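What follows is calculated from the coordinates using simple rules that are stated; it is not laboratory data. Keep in mind it's a predicted model, so treat the numbers as computed, not measured. Glycine also receives a Cβ, built like all others from the backbone with ideal geometry; neighbour counts cover every protein chain displayed.
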Amino acid sequence: MDKIIVQEEDFDLSTEVGLAREGNSATGAIVSFVGTVRDLEGDSLSSMTLEHYPQMTEKSLKSVALKARERWEIQAITIIHRIGELQVQDQIVLVIATSEHRGDAFDACHFIMDYLKTDAPFWKKESVNNKDRWVESRDSDTDQKNRWEP
């Protein structure tokens, strides 16, 4: 069962992990990742605004979940991505993968996050010192994603 949501509201990790494992006594591994807003450059980031195109985003997130299922034995996938204005240390994204074995859950979670960092249709704008700037993807994120290519 997959849960894929784009929302403005925050999420609760414990609640979402409980929902991901609910009803499956064969779950042996639950891997989660929570991404947060950070002031990477140390330049007084005041907020980050995430925008998206709803139909494109939903289709894209469902596609990456399907690709993960095709590669690994996964029981449940949760992807919750926030949009709107977020402050430093606010949660941005949650990815959970459950499986019988840890290797599949770790790999699926990592794969999904690498995709979200590079190809998911979200646009990020940072506000620093009363000036806005759009965030470009990083070469290191692309390198991480490329390791999954055949």
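Can you figure out the FRET efficiency of I4 with E136, using R₀ = 22 Å and their beta-carbon distance, to the nearest 0.05?
Given R0 = 22 Å and the Cβ-Cβ separation, E is 0.30.
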Nonlocal Lys pairs with alpha-carbon distance under 26 Å, the chain (8 or more apart, or different chains): 23
Around S32, with a cut-off of 13 angstrom between Cβ atoms, what is the net charge of the other residues, counting Lys and Arg +1 and Asp and Glu -1? +1
Can you tell me, using C-alpha contacts under 8 Å and at least 6 residues apart, the relative contact order of the chain as a whole percent? 33 percent
With +1 on each Lys and Arg Cβ and -1 on each Asp and Glu Cβ, and nothing else charged, work out how big the dipole of the stretch 2-146 is about its Cα centre, in Debye to the nearest 20. 300 debye
Go ahead and estimate [θ] at 222 nm for the chain from helices alone: -39,500 (n - 2.57) per DSSP H run with n ≥ 4, summed, over the residue count, rounded to 500. -11000 deg cm²/dmol
To make sure I understand, if each residue's beta carbon is the centre and we count other beta carbons within 10 Å, what order do I77, I92 fall in, fewest to most? I92, I77
May I ask which residue of V64, S32, P150 lies farthest towards the positive end of the charge dipole of the chain, with charges of +1 (Lys, Arg) and -1 (Asp, Glu) on Cβ and the Cα centre as origin? P150
Assuming a ≥ b ≥ c are the square roots of the Cα gyration tensor eigenvalues, decide whether the chain counts as rounded (a/c under 1.5), prolate (otherwise, with a/b larger than b/c) or oblate. prolate
5 Å is the cut-off here: which amide hydrogens, built 1.01 Å from N in the peptide plane, fall below it relative to S47, excluding neighbours closer than 5 in sequence? S127
The size of the Cβ-based charge dipole (Lys, Arg +1; Asp, Glu -1) of the stretch 62-150 about the Cα centre, to the nearest 20 debye, is 200 debye
5 Å is the cut-off here: which amide hydrogens, built 1.01 Å from N in the peptide plane, fall below it relative to I4, excluding neighbours closer than 5 in sequence? I79
